[in-house]
Amino acid sequence: QLTAGLRRLAHINDPHQISRLRHFLALNDQALEAALADESNRRSALMMHFSLWGRKWIPSTPTESVARLKQNPVMLAELLALLDYRLEQIPSVPPTLDLPFPGPLQLHGLYTRDEILAAVGHWTLAAQPEMREGVLYLEQIPADILLITLNKTDREFSPSTMYEDYAISETLFHWQSQSTTSEGSPTGQRYIGHERRGSIVLLFVRENKKENGLACPFHFLGPTAYTSHKGSRPMSITWRLLHPMPAHLQRQTSRLAIA
């Protein structure tokens, strides 16, 4: 189980998350419990738990999850070596985001769906609601979470979900809503007027759904602002990224617009 978990965690490229996890693994149970009283730290620990263990085993506390990991010193050493290696591969540290919730998300970081749901507080040890669509509205923040897969195939997506999503430039992204969303619907109006309503829209983008038997992680493109839209059912919306995406991400995410 832990071997598979390490593979699911091998994408990690968020230097703050790596540093937090290394710190957690160095603490005794009492000190860790105190550190996890902080909600952002707690969500970081939950992200690691769901990557390593999935939902097959749910502990009563994040401390229990770390304690079970420490019972296997070989895999613990492997995890620490992986975190060190991934930290060495990070070429630069992006600017810190000012998000309206205590999540540990870092701009342009790579995160799996499970990690994202834990980071925004949607998944806890008590409950992990299913997310079958690529959109999630969290009223308590409030925020719309958009999980976008660029390369869609007939085997993995139904005709109603073969949306046209691609980067227009380093700061503009074209996205199609779900096929049932009209511009006059509550959801459509929430997209259009999110700034006026005090809501944020967070974009997460990946090129493919799976690679090498694993679900691909998403690049976090950060918060966006509504710019314009066309059509209805689905709506074709242009979002403006508040932080330009790096050149290598723009090349990946604009490919479908050229094809």
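What the table shows:
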{"item": "Residue within the range 116-137 that is crowded, with 21+ Cβ neighbours inside 10 Å, over 21 Å from Asp38 (Cα atoms) and in contact with a strand residue (DSSP E or B) (Cβ under 8 Å, 6 or more places away or on another chain) present", "result": "no"}
{"item": "Residue tally, condition touching a residue at least 24 places away in the same chain (Cβ under 8 Å) and open to solvent by 20 Å² or more (accessible area, probe 1.4 Å), over the range 28-37", "result": "2"}
{"item": "Residues (of a type in the set (A, V, I, L, M) and at pLDDT 95 or above) located in the range 210-241", "result": "Leu221, Ala225, Met235, Ile237, Leu241"}
{"item": "The range 172-190 residues that are closer than 17 Å to Thr227 by Cα and free of Cβ contacts under 8 Å to residues at least 12 places away in the same chain, paired with ones that are open to solvent by less than 30 Å² (accessible area, probe 1.4 Å) and among the aliphatic types (A, V, I, L, M) (beta carbon under 8 Å, 6 or more apart)", "result": "none"}
{"item": "Filter pass, Leu82 being in contact (Cβ under 8 Å) with a residue 12 or more places away in the chain, over 22 Å from Leu117 (Cα atoms) and surrounded by fewer than 19 Cβ atoms within 10 Å (Cβ to Cβ)", "result": "yes"}
{"item": "Test: residue in the range 87-102 that is buried (at least 20 other Cβ atoms within 10 Å of the Cβ) and out of contact with any Gly (no Cβ under 9 Å at 6 or more places or on another chain)", "result": "no"}
{"item": "Conditions (1) in contact with a Pro (Cβ under 8 Å, 6 or more places away or on another chain); (2) open to solvent by less than 30 Å² (accessible area, probe 1.4 Å); (3) among the charged types (D, E, K, R): number failed by Arg68", "result": "(2)"}
{"item": "Subset tally (residues that are free of Cβ contacts under 8 Å to residues at least 24 places away in the same chain and open to solvent by 70 Å² or more (accessible area, probe 1.4 Å)) for the range 1-27", "result": "2"}
{"item": "The one condition in (1) in contact with a helix residue (DSSP H, G or I) (Cβ under 9 Å, 6 or more places away or on another chain); (2) aromatic (Phe, Trp, Tyr); (3) at pLDDT 95 or above that Tyr191 fails to fulfil", "result": "(1)"}
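The values are calculated or read from the model by the stated rules, or taken from the named source; none is laboratory data. Keep in mind the model is a prediction, meaning the values are calculated, not measured. Because the Cβ atoms are built from the backbone with ideal geometry, glycine has one as well, and the counts that use them run over all protein chains shown. Note: accessible area is taken over every heavy atom of the protein model, side chains too, but ligands, DNA and RNA are not part of it. Shrake-Rupley method; radii C 1.70, N 1.55, O 1.52, S 1.80 Å.
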